[in-house]
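Below is one structure, written out as C-alpha cells; the observations come after it.
The values are calculated or read from the model by the stated rules, or taken from the named source; none is laboratory data. Since the model is a prediction, treat every value here as computed from it, not as a measurement. All Cβ positions, glycine included, derive from the backbone under ideal geometry; neighbour counts span all protein chains shown.
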Amino acid sequence: MTTPRTTAPRTAAPRTAPYAGGGAGTAAPADRSRTHTWHSRPEPTPAILGMSGLEILRACLAGELPEASIMSTLGFRLTAAEEGSVVFEGDPGDHLLNPMGTVHGGFLATLLDSALGSAVMTRLPAGTAYTTVQLGVHMIRPVLAGTPTLRCQGTALHVGRTTATAEARVVGAEDGKLYAHGTTTCVVLRP
C-alpha cells in the first residue's frame, strides 16, 4: 500500500528584479513616466453622421474632429487620407517594450489595424460604418525602443456592399525598411 503524498499549497514567490532597491521583492521607484491626453469622442451630430468616411478622416487631420484616443495612447498619428489610401506614422519607445526588450508586436498590429480599417473607411459613404472581422499580421524585423519613426500605409483593395479588404505595410520612415505587413477583412455596416 502506498501512502498518499501531500504537498503544501503553493504560494507565489515574491517578485524580484535586477533593479530591486529595498531588498527582496521590493522594486526601486520607477525612473520614467508617460502622460498622454486626448479629446473625448463627440456625440454623433447630424453633421457628423452626414459625413463620408474620407470627410471624417480629413476633419481629424484638420483638427476639426478629435483623433481616435488609441493614437495618443500608443504614440501614432494619421498623416494623410485620400480615397482608398491612408498613412499613419508611429514612434516606438521604451514604454512599448515586451519582456524580451523589443517593442511589443501589439504596437505594429494596432498600427496596421488602424491603417487597414481607415483605408476602408475612406471609401464608405455617409452613415456607413465598418469593423474588423479578420486581421493578418506578418512581422518581418524587430522594432527596438530606438527605432526611428515608422510609417504605415494602408490601401483598400475591395469595398463591397457587405465586406471590404485592405492591405498595409509598415516601413521605416527614413530608410524604407519593411518591418511588418498585413491584411484585413472588414464587415461593412450600412444603415
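Given the condition free of Cβ contacts under 8 Å to residues at least 12 places away in the same chain and either surrounded by 15 or more Cβ atoms within 10 Å (Cβ to Cβ) or closer than 21 Å to R58 by Cβ (or both), answer yes or no: does some residue in region 100-111 qualify? The answer is yes; a qualifying residue exists.
Take region 37-63 and flag every residue that is surrounded by 10 or more Cβ atoms within 10 Å (Cβ to Cβ) and part of a loop (DSSP other than H, G, I, E, B). Spell out the reasoning first.
Of region 37-63, the ones surrounded by 10 or more Cβ atoms within 10 Å (Cβ to Cβ) are 38-39, 41-42, 48-61.
Selection gives W38, H39, R41, P42, G50, M51, S52.
Run down A164, A145, A173 and say which single residue is over 14 Å from the mean Cα position of the chain (by Cα) and over 27 Å from R34 (Cβ atoms). Outline the logic, then answer.
Numbers: A145 fails: over 27 Å from R34 (Cβ atoms); A173 fails: over 27 Å from R34 (Cβ atoms).
Just one listed residue meets the conditions, A164.
Within region 152-163, not a single residue is touching a Pro at 6+ places or on another chain (Cβ under 6 Å) and either modelled with pLDDT of 95 or more or under 21 Å from G105 (Cβ atoms) (or both). Here E67 meets the list (1) touching a Ser or Thr at 6+ places or on another chain (Cβ under 9 Å); (2) at pLDDT below 95; (3) assigned to a loop (DSSP other than H, G, I, E, B); (4) crowded, with 16+ Cβ neighbours inside 10 Å almost entirely, failing just condition (1).
Check R34, R141 and return the single one that is closer than 23 Å to T183 by Cα, surrounded by fewer than 17 Cβ atoms within 10 Å (Cβ to Cβ) and of a type in the set (K, R). If you could, list the steps in order and put the result at the bottom.
Values: R34 fails: closer than 23 Å to T183 by Cα.
When all the criteria are applied, what remains is R141.
Identify the residue in region 144-191 that is basic (K, R) and assigned to a strand (DSSP E or B) and, among all such residues, is surrounded by the most Cβ atoms within 10 Å (Cβ to Cβ). Working first, answer last.
First, the residues of region 144-191 that are basic (K, R): 151, 161, 169, 177, 190.
Adding the requirement that they be assigned to a strand (DSSP E or B) leaves 151, 169.
Details: R151: 21, R169: 19.
Looking at residues that are basic (K, R) and assigned to a strand (DSSP E or B), I get R151.
Just so you know, in region 77-90 the residues that are crowded, with 16+ Cβ neighbours inside 10 Å and either out of contact with any Asp or Glu (no Cβ under 9 Å at 6 or more places or on another chain) or at pLDDT below 95 (or both) include one that is farthest from A164 (Cα to Cα), and it is G90. For T73, the conditions (1) assigned to a helix (DSSP H, G or I); (2) without any contact (Cβ under 8 Å) to a residue 24 or more places away in the chain; (3) surrounded by fewer than 18 Cβ atoms within 10 Å (Cβ to Cβ) all hold with the exception of (2).
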